[in-house]
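**Q** Please read through the structure below; I'll follow up with questions.
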Amino acid sequence: MNGTADDRYRPTRRDVVTAVAATALSISPISVLGLIHEQREGDIHMAQTIETLLRENIHGVFGEPDAEKRNKAIARLWADDGVFVDHNDRYEGHARIALAADGLAKKFPNFIFTERGEIVAIPGAGKLNWGFGPAGAEPVITGSDVLVITDDKIGAIYTFLDPPKK
């Protein structure tokens, strides 16, 4: 390696926590129902919160065509310093998240999100598999959202797109 320590990427605490959460979700997923039945009362609240945040984000933020409703949902669901990361960019804060959602709504005005499978959750994080395409048709795009919770709000969501079907 030719770079100095200053040239290399240094992960933030959030990056490390998110990587650990994403790894845990991919290795040993726990269904939300299983978590509710097997864990303490505080974990039940967290599992329900994660499930609600994931669902309301894809339907009320990224699937909402009305900008005013979308902005209200962002304010309610997302932490002020929340981060949304997808294949295009990293969006920090409510205004940038709204910009990402608005771009999607304008690019695909007749598409809707559908949930694919159960939400999986671990304390502090969750994953939702989704499809995106015209209503009543097979999804054109599929992927997953991995959420990291911060004080009962969305602290970060990392969106992973599935490879195109061959």
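**Q** Assign one of three labels to the stretch 64-105, namely rounded, prolate or oblate, based on the Cα gyration tensor with a ≥ b ≥ c the square roots of its eigenvalues; rounded applies when a/c is under 1.5, prolate when it is not and a/b is larger than b/c, and oblate otherwise.
**A** Numbers: a/c = 2.47, a/b = 1.16, b/c = 2.14.
Since a/c reaches 1.5 but b/c is at least a/b, the shape of the stretch 64-105 is classed as oblate.
**Q** Here is a follow-up. Suppose R0 equals 22 Å; then what is the FRET efficiency for ASP162 and ASP80 from their Cβ-Cβ distance, rounded to the nearest 0.05? Before the final figure, lay out the partial values.
**A** Values: r = 31 Å, r/R0 = 1.40.
In this case the efficiency is close to 0.10.
**Q** Follow-up. What is the spin-label model distance, in nm, from GLU115 to ALA135 if the labels are put 7 Å beyond Cα along the C-beta direction?
**A** 1.9
**Q** Let me ask something else about it. Just list whichever of LYS106/LYS166; LYS72/LYS127; LYS69/LYS153; LYS107/LYS166; LYS127/LYS166; LYS106/LYS165 have alpha carbons separated by over 21 Å in the model shown. Before the final figure, lay out each step's value.
**A** On the way: LYS106/LYS166 27 Å; LYS72/LYS127 23 Å; LYS69/LYS153 18 Å; LYS107/LYS166 24 Å; LYS127/LYS166 25 Å; LYS106/LYS165 24 Å.
Violating the 21 Å Cα-Cα cut-off are LYS106/LYS166; LYS72/LYS127; LYS107/LYS166; LYS127/LYS166; LYS106/LYS165.
**Q** What order, most packed first, do the peptides 90-103, 143-156, 118-131 have when packing is the mean number of other Cβ atoms within 10 Å of each residue?
**A** Numbers: 90-103: 16.7, 143-156: 19.2, 118-131: 21.8.
Ranking the peptides 90-103, 143-156, 118-131 by packing returns 118-131, 143-156, 90-103.
**Q** Assign one of three labels to the stretch 45-86, namely rounded, prolate or oblate, based on the Cα gyration tensor with a ≥ b ≥ c the square roots of its eigenvalues; rounded applies when a/c is under 1.5, prolate when it is not and a/b is larger than b/c, and oblate otherwise.
**A** Details: a/c = 1.73, a/b = 1.41, b/c = 1.23.
Because a/c hits 1.5 or more and a/b exceeds b/c, the stretch 45-86 counts as prolate.
**Q** Turning to a different aspect of this structure: In terms of the Cα gyration tensor, with a ≥ b ≥ c the square roots of its eigenvalues, is the stretch 97-166 rounded because a/c is under 1.5, prolate because a/b exceeds b/c, or oblate?
**A** Values: a/c = 2.26, a/b = 1.42, b/c = 1.59.
Oblate, because a/c is 1.5 or more while a/b does not exceed b/c.
**Q** Could you work out how far apart the two model spin labels at ASP89 and LYS72 are, taking each label as a point 7 Å from the Cα in the direction of the beta carbon, and quote it in nm?
**A** Roughly 2.6 nm, to one decimal.
Throughout, read-outs are computed from the coordinates displayed, never taken from laboratory work. Just so you know, these numbers come straight off a predicted model, no measurement behind them. For neighbour counting, all protein chains shown are included, and Cβ atoms are generated from backbone atoms with ideal geometry for every residue, glycine included.
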